[in-house]
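Here's the structure, in structure tokens; my notes come after.
Just so it is clear, none of the values below were taken in a lab; they were calculated from the coordinates. This one's a predicted model, so the numbers in the text were calculated from it and none came from an experiment. Using ideal geometry, Cβ is built from the backbone for each residue, glycine included, and neighbour counts are taken over all protein chains shown.
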Amino acid sequence: PERGLVIAIDGPAASGKGTLARRLAAQFGLPHLDTGLLYRATACALLDDGRALDDIRAAVEAARGLALCDFDEARLRSRELGEASSVVAAIPQVRAALIEAQRSFAARSEGAVLDGRDIGTVICPDAAVKIFVTASAEKRAQRRALELASRGERVDYAHILEDIRRRDERDSGRSSAPLKIADDAVRLDTTDLDIEAAFAAARDIVREKAELAGKVG
Ligand code: CDP
Ligand code: CDP
């Protein structure tokens, strides 16, 4: 089991989990891993190699040899790779190839914050703090559209909403580590919360749960 304080943040696309994870990591002095980047980078490596996203052998090889520093973050966070990552993330062998790196990150003695889809259910089932972040699909599409536009990507709200709905379905419907709330997670709906309000709520959840678990918050 993990020694330090482990905070598991899960939720659907653009719910605000990455922003919360980053802020919580800074607040509690913990390292942070955005696990979505692992799937995005795996998909990116496949596309750059001219491979199909359902080429299991190539996908597993890409996942095993992954070094996040080889990739441009703006490219990884593009709309194209959001879609492609959820296709490779449904391949059980790809997930298996990425488990070890995530678990060893969480096992650091100082603790860690990880955000993704299956952190509380599969990667860190013993995490002292689990938060499941949600928001309406419309609100998430608005946020993602603003975010992509601010990075210079040409976006259309209706298409982003479609992307988000399709990705929600794929991530929740897959048989391997589907997106779902862990039994012992706290649900945080950020539909009507700005970043400050969502952070304050998450910080309170962490303090309460960390104290209960006997970990310093
Ligand atoms: O930021 P956003 O929520 O749009 O996506 P992300 O967290 O970067 O994740 C991209 C895709 O990777 C998701 O749609 C999932 O299919 C997959 N993923 C996963 O399966 N498990 C994780 N722990 C993290 C991401
Ligand atoms: O990691 P995830 O895809 O769940 O979402 P994110 O990258 O943290 O947030 C997506 C976008 O929504 C970012 O541009 C955030 O600044 C914004 N956001 C927001 O406007 N209000 C919140 N309560 C949380 C995030």
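Quick one: in region 175-206, of everything that is of a type outside the set (A, V, I, L, M, F, W, C) and assigned to a helix (DSSP H, G or I), which residue is farthest from R23 (Cα to Cα)? Spell out the reasoning first.
Here is the first cut: in region 175-206, the ones of a type outside the set (A, V, I, L, M, F, W, C) are 175-176, 178, 180, 183-184, 187, 189-192, 194, 196, 203-204.
Now restrict to residues that are assigned to a helix (DSSP H, G or I): 196, 203-204.
Working: E196: 10, R203: 9, D204: 13 Å.
Among those residues, the one meeting the criterion is D204.
Say whether the condition of being touching a Gly at 6+ places or on another chain (Cβ under 7 Å), part of a loop (DSSP other than H, G, I, E, B), farther than 20 Å from A25 by Cα and away from ligand 2 (no atom under 11 Å from the Cβ) is met by at least one residue in region 163-171.
Of region 163-171, the ones touching a Gly at 6+ places or on another chain (Cβ under 7 Å) are 163, 167.
This time we only want the ones that are part of a loop (DSSP other than H, G, I, E, B), so: none.
Within region 163-171, none of the residues are touching a Gly at 6+ places or on another chain (Cβ under 7 Å), part of a loop (DSSP other than H, G, I, E, B), farther than 20 Å from A25 by Cα and away from ligand 2 (no atom under 11 Å from the Cβ).
Quick check on region 184-206: of everything there that is charged (D, E, K, R) and touching a strand residue (DSSP E or B) at 6+ places or on another chain (Cβ under 9 Å), which residue is surrounded by the most Cβ atoms within 10 Å (Cβ to Cβ)?
Of everything passing the filter in region 184-206, D189 is surrounded by the most Cβ atoms within 10 Å (Cβ to Cβ).
Considering only residues of region 101-119 that are among the aliphatic types (A, V, I, L, M) and out of contact with any strand residue (DSSP E or B) (no Cβ under 8 Å at 6 or more places or on another chain), which is farthest from ligand 1 (Cβ to nearest atom)?
A107
Does region 13-28 include one or more residues that are near ligand 1 (Cβ under 10 Å from one of its atoms), more than 21 Å from S150 (Cβ to Cβ) and touching a helix residue (DSSP H, G or I) at 6+ places or on another chain (Cβ under 8 Å)?
no
Please determine whether any residue of region 23-36 is surrounded by fewer than 17 Cβ atoms within 10 Å (Cβ to Cβ), within 16 Å of ligand 2 (Cβ to nearest atom) and in contact (Cβ under 8 Å) with a residue 24 or more places away in the chain.
yes
Out of (1) closer than 21 Å to R187 by Cα; (2) surrounded by fewer than 16 Cβ atoms within 10 Å (Cβ to Cβ), what's the single condition that is false for S150?
So S150 meets the others, but not (1).
Could you grab the pairs with beta carbons closer than 9 Å, sequence gap of 6+ or different chains, first residue in region 188-201 and within 14 Å of R140 (Cβ to Cβ), second one surrounded by fewer than 18 Cβ atoms within 10 Å (Cβ to Cβ) and acidic (D, E)?
T191/E138
Mind listing just one residue for me: the one in region 131-150 that is more than 13 Å from ligand 1 (Cβ to nearest atom) and not in a loop (DSSP other than H, G, I, E, B) and, of those, farthest from A74 (Cα to Cα)?
Among those that are more than 13 Å from ligand 1 (Cβ to nearest atom) and not in a loop (DSSP other than H, G, I, E, B), it is I131.
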